[in-house]
């Protein structure tokens, strides 16, 4: 499989996952781009995502980052699950902020993978750094 | 302040935070009990929390755990923010599962704290282990 | 296998590992007790473990905690490797402090495990909290 | 202060720390280069660093990474301490491997910092990914 074909398969995996991904859709998350080991997703902070300090609940920054991680680590047409994740909160998000989460593969070996995700505002300011560890199952994302 | 008074203040802080915590309310999270350094919160997995693998999105397990952490570390009437969190996913949650997250303080020193949160189903089965680090601001949760 | 037999096997695994564990021996680490999923190890902070701030180098607190983790997760006579660990430094160690690290299993499922290790001084003061994730190989610690 | 002057100060801080850093010296760690927010350090795996599986003890990979992190976050002539670190072990190190750890600053804000460290063999193969969080004290590394 060429790199181009691999990236097309990655994109097709993402589309198939997204169609069933009610949680991502309900949070208003949209796919920006997905290729092998990489994913870029967008979400706008809504009023119902604000916590008691009137900033975006850390859980929604995590949700966005974790979703980008999921699309990146499922991009090889092998179902992959999150085992462990950590997140560093840098700056608070505000209502109506347009966020973008970019997942990059740091390593892939055997069935496990390590991915770094950065959550930024549209002006480039970083809100959170996320690192996720995945494990692949013996199951295809897209069954023919 | 006696232990009883401290726990009453912790409970009052939680009530004040929850009233403004639109994100927790929108996710259907409810307070079970809060005392100094501890919090127990409940959430039921809804259809709009399911991901592309048809299980509860890890982001919602994190959201619940992170919220329990927030109520535990804000229980001293000092605003505390999450700096860094990690989560280990043990078993998937299913639609209609009644979840409970229990936050316990592992240490508190100066302005920083370390909290362990366990997310369980109502039958006691563990879905996730979470560890959060907080930092206190020089600001009261409840201003008189 | 009874619980007693399992704990005797755990102890035998630890002895077999320790005999080959040059790094632990060179750091002066000694086994206190090992049973299934648990390990307790001791180390005294030496002058050659102090860093530029004249306190015990964090790397040696980690080394002790990581070793306790290793003996706990190898206690089932299956070789297990550390995948990922995190450590929170609470208080500095000083020269001649007698340290004890206690590893407790938080979960074990399939081939993976989660262990919490606490590093304390002999007076009970906590110096560090450590959490480790392991994966088992298809290989025995003690071959007959 | 110009960038060049800042990097010269960073290098002077590193030299002052290293002179007192008995643990790093005893482990054979040497400074390769230090500038503001960055550090590159070297260590060769010795026989007394091997564990019971006959590979480099994870504690020594951590020690090297943690030391690189320390020199990077102390490079502003403000004493900085490690609060929390995590490490992902990718491949085992062998006796006589020449290792290099490179610390890069991911963010710096107020008194806290986030640093990523990669531990590689001299052929570029990655052995470990490390992420450390630091907090600055109100104290200079080099007092005039």
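The values are calculated or read from the model by the stated rules, or taken from the named source; none is laboratory data. Given the structure is predicted, the values throughout are model-derived calculations rather than measurements. Cβ placement follows ideal geometry from the backbone for every residue including glycine, while neighbour counts extend to all protein chains displayed.
Across the stretch A:85-110, which residue is farthest from the other protein chains (Cβ to nearest Cβ) among those that are in contact with a strand residue (DSSP E or B) (Cβ under 6 Å, 6 or more places away or on another chain) and within 14 Å of residue A:29 (Cα to Cα)? Out of the qualifying residues, it is A:98.
Residues considered: D:11, D:40, D:75. Of these, the only one that is more than 7 Å from chain C (Cβ to nearest Cβ) and either free of Cβ contacts under 8 Å to residues at least 12 places away in the same chain or in a loop (DSSP other than H, G, I, E, B) (or both) is D:75.
Among residues of the stretch A:24-37 being assigned to a strand (DSSP E or B) and free of Cβ contacts under 8 Å to residues at least 24 places away in the same chain, the one that is farthest from residue B:81 (Cα to Cα) is A:33.
What is the one condition in (1) at the interface with another protein chain (Cβ under 9 Å from one of its Cβ atoms); (2) without any contact (Cβ under 8 Å) to a residue 60 or more places away in the chain; (3) out of contact with any helix residue (DSSP H, G or I) (no Cβ under 9 Å at 6 or more places or on another chain) that residue D:82 does not satisfy? Of the numbered conditions (1) at the interface with another protein chain (Cβ under 9 Å from one of its Cβ atoms); (2) without any contact (Cβ under 8 Å) to a residue 60 or more places away in the chain; (3) out of contact with any helix residue (DSSP H, G or I) (no Cβ under 9 Å at 6 or more places or on another chain), the odd one out for residue D:82 is (3). If the condition is being over 21 Å from residue A:62 (Cβ atoms) and within 14 Å of chain C (Cβ to nearest Cβ), then the stretch B:122-144 contributes B:124, B:125. Each residue in the stretch C:32-49 was checked for being buried (at least 19 other Cβ atoms within 10 Å of the Cβ) and in contact with a strand residue (DSSP E or B) (Cβ under 6 Å, 6 or more places away or on another chain), and 6 pass. Going by the conditions given, is residue B:113 more than 10 Å from chain A (Cβ to nearest Cβ), assigned to a loop (DSSP other than H, G, I, E, B) and crowded, with 19+ Cβ neighbours inside 10 Å? When the stated conditions are applied, residue B:113 does not pass them.
Do we have residue B:87 as assigned to a strand (DSSP E or B), at pLDDT 95 or above and crowded, with 19+ Cβ neighbours inside 10 Å here? So residue B:87 fits the description; yes.
Among the conditions (1) more than 15 Å from residue C:73 (Cα to Cα); (2) outside any loop (DSSP other than H, G, I, E, B), the only one that residue C:52 does not satisfy is (2). Going through (1) at pLDDT 95 or above; (2) buried (at least 17 other Cβ atoms within 10 Å of the Cβ); (3) in contact with a helix residue (DSSP H, G or I) (Cβ under 6 Å, 6 or more places away or on another chain) one by one, residue A:52 falls short only on (1).
Give the residues of the stretch D:90-120 that are at pLDDT below 95 and closer than 21 Å to residue D:11 by Cβ, sorted by residue number. Of everything in the stretch D:90-120, just one residue is at pLDDT below 95 and closer than 21 Å to residue D:11 by Cβ, namely D:108.
Residues A:69, A:62: which one is crowded, with 21+ Cβ neighbours inside 10 Å, within 10 Å of the chain's Cα centre (by Cα), within 11 Å of chain B (Cβ to nearest Cβ) and farther than 30 Å from residue B:75 by Cβ?
A:69
The residues on offer are D:1, D:17, and the sole one that is touching a residue at least 60 places away in the same chain (Cβ under 8 Å) and surrounded by fewer than 24 Cβ atoms within 10 Å (Cβ to Cβ) is D:17.
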